[in-house]
Each structure stands twice: as C-alpha cells, then as structure tokens.
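The values are calculated or read from the model by the stated rules, or taken from the named source; none is laboratory data. Since we're looking at a predicted model, the values are computed, not measured. For neighbour counting, all protein chains shown are included, and Cβ atoms are generated from backbone atoms with ideal geometry for every residue, glycine included.
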C-alpha cells in the first residue's frame with residue numbers, strides 16, 4: 001500500500017475541473033521534453049494526432065491501472081497526468097509543447113554547431 005497520506009483522498013473540485021492546473025501542465029512539459037530528448041517527436045506527434053479523439057478513454061485506462069502503476073510511477077504524477085488527459089485541450093497542448101521543445105532543441109543544436117565551427121577555425125594553423 002502506498003504510504004502517501006493523500007492516497008485515499010479525492011479532491012472532487014480538482015477531479016472535475018475544466019482547467020489544466022500548473023502541476024498538470026508541468027507533467028505535460030516533462031513528457032514533451034522527454035519525447036524530444038529521445039528524438040521521438042515525429043512519431044509522438046503522429047500518434048497523438050491519431051488518438052486525439054480518445055484522450056478521455058486513455059485517462060480512464062490510467063484510472064483503471066492506477067493501483068498497479070502507483071507502485072512503479074509516482075502516484076501524484078500519475079493522478080496529474082490522468083486528470084490532464086481528462087480534458088479535451090490536453091492533447092493539442094501536449095502537441096504544441098512537443099513542437100516548441102523541438103524548436104528549442106534545434107536552435108540549441110544550431111548554436112552549438114556554430115560555436116564548434118568557430119572554435120575549429122580559431123584553432124586551425126596558418127599556412
């Protein structure tokens with residue numbers, strides 16, 4: 001049994017809220033960053049576009065498996081993810097976050113490449 005004191009407590013206002021809370025948005029940010037770090041942006045975006053109409057169903061699957069996955073994943077993060085997926089705007093928001101994170105990643109790589117090229121040209125011996 002999880003030792004979290006709020007394990008059995010259910011906040012009904014948060015459960016049926018229509019707005020995405022900052023903690024739920026943080027989970028979506030973390031997922032987007034992880035997707036980009038693993039270079040899975042394109043497959044993730046295709047998958048999310050495909051399952052966009054089923055986001056409520058995915059939240060219910062997470063609810064069903066919550067007692068099992070609470071042991072492996074953090075319970076708080078799992079509940080926040082489930083509550084975020086309950087909302088219709090969560091999938092488009094996650095897709096936007098993945099795209100933004102991908103753009104930031106590309107810009108960062110371009111800057112690193114330019115700096116690397118600049119340092120190579122400085123270290124090149126004169127003829």
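The table for this structure:
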item: Any hit, segment 42-49, residues being touching a helix residue (DSSP H, G or I) at 6+ places or on another chain (Cβ under 9 Å), closer than 22 Å to residue 18 by Cβ and modelled with pLDDT under 85; result: no
item: Enumeration of residues in segment 86-116 that are without any contact (Cβ under 8 Å) to a residue 60 or more places away in the chain and within 11 Å of residue 48 (Cβ to Cβ); result: 91, 92, 95, 96, 99
